[in-house]
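**Student:** Would you mind keeping the following structure in view while I ask a few things?
The values are calculated or read from the model by the stated rules, or taken from the named source; none is laboratory data. All figures in this text were calculated on a predicted structure; none of them were measured in a lab. Note that we place each Cβ from the backbone using ideal geometry, even for glycine, and neighbour counts take in every protein chain shown.
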């Protein structure tokens, strides 16, 4: 099930437009509007808000790039499951 | 263990040795074909050369002083990595195709291989990278001092008396330069991938990461109790600082650089810094690596920055202040007593610095060599020792770059924090951005725009950032305070009155404004050159077909260059052996035979190939300059090919024009079968459409017959004689006929040495072509020759193709015409034969008619006898004749004759006989004398006509009952007497008429009785043949006569006819059947 969801997501990502969207989104999230929201001296779980925002956001963005890159070059593991799909 | 200089130096040296080992091993693997470097992980690690000692030390320092915004430097590249799949791939593809060796090469290539632009970029790179290298030197020197416990900047070697003082920085600079030379300047071609270098860089990226994470782990979990612990403690101890560090400062000021500036600068730097371009593009081994690198590299950045904040906080907690925060990575472990950790950190920092300097110096020295040194060298004619000179210049350039950094360090080093120094370099690299992005995505971006934008941006960078940095130690100097020439508006840090910004954002704003502005304005106002337009096509990948645009069609070399000459040129730069090797490979790929002269159409492509090969060693701009100067030395240059259609028709669509001409030609050919008309009109079409001056067609009817001019159109109409100028081209014509390919000369000047064309050129012709006329698989029929007096380079591949197809159609038409002629001939011959046949038939019919008209209509009546005469002519006209002459009431002459031959001539002879007989019949002469007279009178005519006559002449007197007769070779008549079984034959001696000029004929006589039946006949009766070939024979005739004798004469005569018919069993007679039947009744 995980594979099929992933496959679906991958297929949606395989658009030239999608990367433009992510790029712009990333820019926006690192600039004035969003930054102002998170630019508070408060803490969450003991971690400063902005620090958490950057760290977690960065990790997520790397994950998105990873998905995007895999959508461009489908992995062999993916294809195998396709062939072995139960009748 | 106490660290001292010796320890540290030794360990550093050991580490260096390790690097060499890695590099050497990687090279070996590469040469064996099992490359270590050719995989996406190494690629991503090599990109991590972005993290220099700035990352190592400077980040901590910045984190400790201004807080979390240090992260922007790494978030930028992470964000940009998104775009690599499209942007980077395109850049790499174009670079590989064109043997691009640096970012200067790439950008200048797009703008028409502009050398000026390349030099400008190189200059900006060299000056811009100074602060960066300076910061590396500073970082290593300081960290070295910390780790080895030496506080001065000089080293005294122990064991020497008067201690030798070595400035650490200088030593370091020298060592780094040597590093760079060894790893990056071993061989000349700059586009070769340096496997060893990349392996070393990847290795130390790993060392960096491990080292920083090691220190981070140490600080977080050893000195403290984890992230929460540090945060909690810091929060309690320095709450205000905590707040400040963990929020972005939105106020602007002199020292506070806004996060957006840093973000923007780092986004550009990741690809625009020369070393980054080098590892991303030039050293890329495989386009597929990009997709992995897109997320591997951000992951690396993420990991390496994970512990920066804890280290910074820990450092502050430990030392109580932020001084020396840049070096917390070393000082914190040292203070905690863990020297090995400190050493590890030092190694990491050294690693980072070494990696950066190595790659950067290699990249920039390549640019220096190709863009600043080469243009000077190119003016000198290439000599044998050039390769050696070039490689050493490159090594000198590496030293130069490093030492520039060193001097900047000496001048400025103490005034700035590491990060801020680095940002100065970032901004310099930023000047490339408009030209690069515009070049990739904006087709109108042009050279002037790029140069002016970059120049302006550079000047502003110098003025607002570089110079102030040099004056940073003296902020009160006149320029800094009052501006240039005392103008407040020109104050370097507050240009045009823009105050309140930090130096970097201020410089960013102004430089980008002027850069982008100039680029846009100049690109929009000024149009591009042809070469640029072609580059635009290659870069942007769309083919623009604007109506106004002159088509940059293929070019041609005005004077041909031979293969050995090209090889010689290449050899001067890459060595003679490599040159011929490269050429051979190229020729094989294009399937050109080396021995044969290069076809003219291949020359431009070959020139481009040679240029590309040269570019691999000296850069694209220099290669272009070398090629241009070489060609002009040879007296040749690239010329636009003449567009044959554009001057004739309004429309520029070439294929449509070609179609039009072909259509018209087809019309001409199909309109008529007359080959002459076709040739004339076709030549007229060519003359008119293509502005030729003379066109002529020569044809030969068969291979042993020489060519003859069939059609000649154009000026200089002159009788075709052996003196005619076109005969000078005979060798070409002969060649074209034999090998069935077009032979053309685009510029008659190039030929003077080979063949004598004095008459042709004195007539004013400058180019000509001879196209053979032939059908596939057959021999050539002839040659079409066209001449032009005004256009050089007229015969392009397309034009020749068009002419060839026209001659193909012409050959087809000629073939058709000759086939039609042959058919016509055949038809006429058949007609003739038919006519002849008909004529013959008519002749025969005439003869038949004449013959029939000669015969008597009805037999005369004589008392006592019954007469009947019959002549049944055969299909072929015979020459039978019988006649009766009544002399008086009781005497009658009978005769039967047969003329040989079946013709009008025979019939006419028979008419002559009749006339003669009538003439003589009035005299009372005997049958024999009549025959004799006939013979002598007819002898001449008969001989001349080669005919002869057989005749039987008889005279019957009813009074006496006596029949006298003479025979000239005729069938003996038969008499049937009542009561007798056999017939009586009447025989008399005599030859046939016409043999001898005079003859005596025997005369006999016989008495006839009542009831006698006489039969005179010709050979048609006895010689009737039946199916088996048997003749009827006189016996049968006699028998039949006997049987029929009682019947009336007409019946008898008819019955003989029936007899013959029955016997021969056919309805057509082979010979005339003629007879006279006489019955004596009283």
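**Student:** Please find, among B:109, B:135, B:123, the residue that is under 29 Å from residue B:616 (Cβ atoms) and crowded, with 22+ Cβ neighbours inside 10 Å.
**Tutor:** Of B:109, B:135, B:123, the one residue that is under 29 Å from residue B:616 (Cβ atoms) and crowded, with 22+ Cβ neighbours inside 10 Å is B:109.
**Student:** Yes or no: residue B:359 at negative phi and out of contact with any helix residue (DSSP H, G or I) (no Cβ under 8 Å at 6 or more places or on another chain)?
**Tutor:** It is false that residue B:359 is at negative phi and out of contact with any helix residue (DSSP H, G or I) (no Cβ under 8 Å at 6 or more places or on another chain).
**Student:** Give me the residue from the range B:217-250 that is within 14 Å of chain A (Cβ to nearest Cβ), part of a helix (DSSP H, G or I) and touching a helix residue (DSSP H, G or I) at 6+ places or on another chain (Cβ under 7 Å) and, out of that set, surrounded by the fewest Cβ atoms within 10 Å (Cβ to Cβ).
**Tutor:** Looking at residues that are within 14 Å of chain A (Cβ to nearest Cβ), part of a helix (DSSP H, G or I) and touching a helix residue (DSSP H, G or I) at 6+ places or on another chain (Cβ under 7 Å), I get B:233.
**Student:** Identify the residue in the range B:1060-1075 that is in contact (Cβ under 8 Å) with a residue 24 or more places away in the chain and part of a helix (DSSP H, G or I) and, among all such residues, is farthest from residue B:984 (Cα to Cα).
**Tutor:** For the range B:1060-1075, the residue satisfying everything is B:1064.
**Student:** Among the residues of the range B:10-27, is there at least one that is under 20 Å from residue B:199 (Cα atoms), under 41 Å from the mean Cα position of the chain (by Cα), in contact (Cβ under 8 Å) with a residue 12 or more places away in the chain and in a helix (DSSP H, G or I)?
**Tutor:** Yes, because at least one residue in the range B:10-27 is under 20 Å from residue B:199 (Cα atoms), under 41 Å from the mean Cα position of the chain (by Cα), in contact (Cβ under 8 Å) with a residue 12 or more places away in the chain and in a helix (DSSP H, G or I).
**Student:** Name the residues in the range B:293-336 that are outside any helix (DSSP H, G or I) and within 14 Å of chain A (Cβ to nearest Cβ), would you?
**Tutor:** B:306, B:307
**Student:** Which one of these is under 60 Å from the mean Cα position of the chain (by Cα) and touching a residue at least 60 places away in the same chain (Cβ under 8 Å): B:342, B:293?
**Tutor:** B:293
**Student:** Can you confirm whether residue B:452 is farther than 21 Å from residue B:359 by Cα and crowded, with 19+ Cβ neighbours inside 10 Å?
**Tutor:** It is true that residue B:452 is farther than 21 Å from residue B:359 by Cα and crowded, with 19+ Cβ neighbours inside 10 Å.
**Student:** May I ask you to verify whether residue B:1035 is free of Cβ contacts under 8 Å to residues at least 12 places away in the same chain and more than 23 Å from residue B:968 (Cα to Cα)?
**Tutor:** The answer is no for residue B:1035.
**Student:** In this structure, does residue B:265 turn out to be within 14 Å of chain A (Cβ to nearest Cβ), modelled with pLDDT under 90, under 26 Å from residue B:362 (Cα atoms) and touching a helix residue (DSSP H, G or I) at 6+ places or on another chain (Cβ under 7 Å)?
**Tutor:** Against the criterion (within 14 Å of chain A (Cβ to nearest Cβ), modelled with pLDDT under 90, under 26 Å from residue B:362 (Cα atoms) and touching a helix residue (DSSP H, G or I) at 6+ places or on another chain (Cβ under 7 Å)), residue B:265 does not qualify.
**Student:** From the list B:113, B:95, exactly one residue is more than 14 Å from every other protein chain (Cβ to nearest Cβ), assigned to a helix (DSSP H, G or I), modelled with pLDDT under 90 and closer than 17 Å to residue B:440 by Cβ. Which is it?
**Tutor:** B:95
**Student:** Restricting the search to the range B:55-75, which residues are more than 12 Å from chain A (Cβ to nearest Cβ) and more than 12 Å from residue B:308 (Cβ to Cβ)?
**Tutor:** B:65, B:66, listed by residue number.
**Student:** Among the residues of the range A:41-67 satisfying the criterion of being modelled with pLDDT under 75 and facing another protein chain (nearest Cβ under 7 Å), which is surrounded by the fewest Cβ atoms within 10 Å (Cβ to Cβ)?
**Tutor:** That would be A:46.
**Student:** What helices (runs of 4 or more DSSP H), lying completely within the range B:380-449, carry at least 2 residues that are more than 26 Å from residue B:270 (Cβ to Cβ) and touching a residue at least 12 places away in the same chain (Cβ under 8 Å)?
**Tutor:** B:386-412
**Student:** Might you check whether a residue that is on the phi < 0 side of the Ramachandran plot, surrounded by 23 or more Cβ atoms within 10 Å (Cβ to Cβ) and either within 12 Å of chain A (Cβ to nearest Cβ) or not in a helix (DSSP H, G or I) (or both) occurs anywhere in the range B:84-92?
**Tutor:** yes
**Student:** It is to be established whether one or more residues within the range B:203-215 are in a helix (DSSP H, G or I), within 14 Å of chain A (Cβ to nearest Cβ) and touching a helix residue (DSSP H, G or I) at 6+ places or on another chain (Cβ under 7 Å).
**Tutor:** No, the range B:203-215 contains no residue that is in a helix (DSSP H, G or I), within 14 Å of chain A (Cβ to nearest Cβ) and touching a helix residue (DSSP H, G or I) at 6+ places or on another chain (Cβ under 7 Å).
**Student:** Can you find, within the range B:914-928, the residue that is surrounded by the fewest Cβ atoms within 10 Å (Cβ to Cβ) among those that are in contact with a strand residue (DSSP E or B) (Cβ under 7 Å, 6 or more places away or on another chain) and without any contact (Cβ under 8 Å) to a residue 60 or more places away in the chain?
**Tutor:** If we take residues in the range B:914-928 being in contact with a strand residue (DSSP E or B) (Cβ under 7 Å, 6 or more places away or on another chain) and without any contact (Cβ under 8 Å) to a residue 60 or more places away in the chain, then B:921 is surrounded by the fewest Cβ atoms within 10 Å (Cβ to Cβ).
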